[in-house]
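K.L.:
My questions all concern the structure below.
The values are calculated or read from the model by the stated rules, or taken from the named source; none is laboratory data. Predicted model only: the values in this text are computed from it and were never measured. Don't worry about glycine lacking a Cβ; one is built from the backbone with ideal geometry, like all the others, and counts go over all protein chains shown. Protein only, heavy atoms only, side chains kept; ligands, DNA and RNA dropped before computing areas. Shrake-Rupley method; radii C 1.70, N 1.55, O 1.52, S 1.80 Å.
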Amino acid sequence: MKVLKKILVSLAMVSALGAVSHSAMAETDKGRVVYAPAEAIDNTVAKIRVALDAITKGTEGDKAADLIKDAADSSKEINANDRVDRARQKANNILKSARSHAKENALQEAEQELREAVKAFEALKPLI
């Protein structure tokens, strides 16, 4: 009888934990769009190219920095695995450097770093 009681209590505890588990309850916020990793990479690369085009057309440094920040923010949606996340962080560091150069009106360096960032983000796709 003692063994049966222990088994029943254990099963009750396991089922209670499973019922309120965070992973079981995980869902996105209402109104939030969740992208597949490849789609999020494509969106980020597209935003980097918009910033790159703006710089080549002669946009001011502050406006270019805002466009680069938008691209960096969209990179946060890339979520596949740990290898992809480490590579994303390295690519994001390139964007941060490009943004700081854009703020300083060193647009030549920012343009070069944005070209590197496009290559770095496109290199994420095989890691998915």
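K.L.:
Largest first and in whole Å, what are the equivalent-ellipsoid semi-axes of the chain based on the Cα gyration tensor, each being the root of 5 times an eigenvalue? Kindly include the intermediate steps, with their values, before the conclusion.
P.N.:
Details: eigenvalues 430, 38, 28 Å².
So the three semi-axes of the chain are 46, 14, 12 Å.
K.L.:
Name the most mobile residue of R99, R86, R49, meaning the one with the largest mean-square fluctuation, in a Gaussian network model of the chain with Cα contacts below 10 Å.
P.N.:
In the Gaussian network model the winner is R86.
K.L.:
Additional query: Where does the charge balance sit around R99 when Lys and Arg score +1, Asp and Glu -1, over other residues with C-beta under 13 Å from its C-beta? Please report the intermediate quantities before stating the final value.
P.N.:
Details: positive: K47, K63, K69, K96, K103; negative: D62, D66, D70, D73, E104, E109, E111, E113.
Neighbour charge sum, excluding R99 itself: -3.
K.L.:
Here's another thing I want to ask about it. Could you check how much of the accessible area of region 65-128 is carbon and sulfur, as a whole percent, using a 1.4 Å probe? Don't skip to the answer; put the middle values down first.
P.N.:
Details: 1620 of 3700 Å².
Its accessible area is 44 percent carbon and sulfur atoms.
K.L.:
Which log10 I(q)/I(0) values, to two decimals, does region 41-114 give at q = 0.12, 0.14, 0.25, 0.27 Å⁻¹ under the Debye formula with one point per Cα?
P.N.:
Results for region 41-114 at q = 0.12, 0.14, 0.25, 0.27 Å⁻¹ read -0.29, -0.38, -1.04, -1.18.
K.L.:
In the Gaussian network model of the chain, springs joining C-alpha atoms below 10 Å, which of S100, S15, S74 carries the largest mean-square fluctuation?
P.N.:
S15
K.L.:
Rounded to the nearest 500 deg cm²/dmol, what is the calculated helix-only ellipticity per residue at 222 nm for the chain, with -39500 (n - 2.57) per DSSP H run of length n ≥ 4? Write down the numbers at each step before the final one.
P.N.:
Working: 6 runs with 94 residues, N = 128.
After summing the helix terms and dividing by residue count, I get -24000 deg cm²/dmol.
K.L.:
Which one, L67, L11, L52, has the greatest fluctuation when you compute a Gaussian network model over the chain with C-alpha springs under 10 angstrom?
P.N.:
Sorting by GNM fluctuation, first place goes to L11.
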